[in-house]
Amino acid sequence: MYKISTRGQYALLIMEDLAENAEDSFVPLRLLSHRRNLSVKYLEQILSKLVAANLVEGSRGINGGYRLTKPADNYTAGEILRVMEGDLSPRNTNEGNTIESAGSDEFWKGFENVINNFVDSITLDTLVHKNKEFVGFEYCI
């Protein structure tokens with residue numbers, strides 16, 4: 001079974017954080033690290049891929065950090081996940097051991113379409129708004 005890696009999951013969280021907290025200003029790397037409880041080195045690895053894909057931009061210096069390159073509603077979860085994960089196919093075709101039959105091949109193509117259509121239908125803006133709906137419902141016992 002294909003699973004989204006922690007890097008993919010954190011990439012979505014980081015992008016949500018940037019969408020929530022950075023209008024036109026850059027969010028410092030150390031602040032992102034503190035808010036998400038991630039090491040700076042791990043964050044740099046994730047952010048370097050996001051920068052290379054032109055999803056975020058970075059700036060050095062006293063007011064440096066990272067910010068989105070476009071409005072949050074112009075990003076999809078699928079776009080972000082593909083940067084970190086590559087193809088989001090539910091079957092592993094890299095091993096060369098795929099079982100081929102007309103019926104099962106149609107099943108896997110349909111399954112892949114459902115996954116890709118779903119992740120491409122969710123915008124970063126939607127994720128940010130969903131997170132805001134849950135603010136105030138967290139509690140500790």
*Residues in region 51-85 that are out of contact with any helix residue (DSSP H, G or I) (no Cβ under 9 Å at 6 or more places or on another chain), surrounded by 10 or more Cβ atoms within 10 Å (Cβ to Cβ) and either over 19 Å from Phe26 (Cα atoms) or at pLDDT below 85 (or both): how many?*
0
*Looking only at region 28-35, decide whether some residue is over 14 Å from Leu81 (Cα atoms), basic (Lys, Arg) and open to solvent by 40 Å² or more (accessible area, probe 1.4 Å).*
yes
*Determine which member of the set Glu44, Glu16 is assigned to a helix (DSSP H, G or I) and either in contact (Cβ under 8 Å) with a residue 40 or more places away in the chain or under 20 Å from Asp87 (Cβ atoms) (or both).*
Glu16
*Residues in region 19-41 that are under 22 Å from Pro71 (Cα atoms) and part of a loop (DSSP other than H, G, I, E, B): how many?*
6
*Only one of (1) at pLDDT below 90; (2) open to solvent by 30 Å² or more (accessible area, probe 1.4 Å); (3) farther than 19 Å from Lys3 by Cβ is not met by Arg91, so which one is it?*
(3)
*Has region 56-67 got at least one residue that is on the phi > 0 side of the Ramachandran plot and in contact with a Gly (Cβ under 9 Å, 6 or more places away or on another chain)?*
yes
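The values are calculated or read from the model by the stated rules, or taken from the named source; none is laboratory data. A quick note: this is a predicted structure, and the numbers were derived from the prediction, not measured. Neighbour counts run over all protein chains shown; Cβ positions are idealised from the backbone, glycine included. Ligands, DNA and RNA are excluded from the accessible area calculation, which covers all protein heavy atoms including side chains. Shrake-Rupley method; radii C 1.70, N 1.55, O 1.52, S 1.80 Å.
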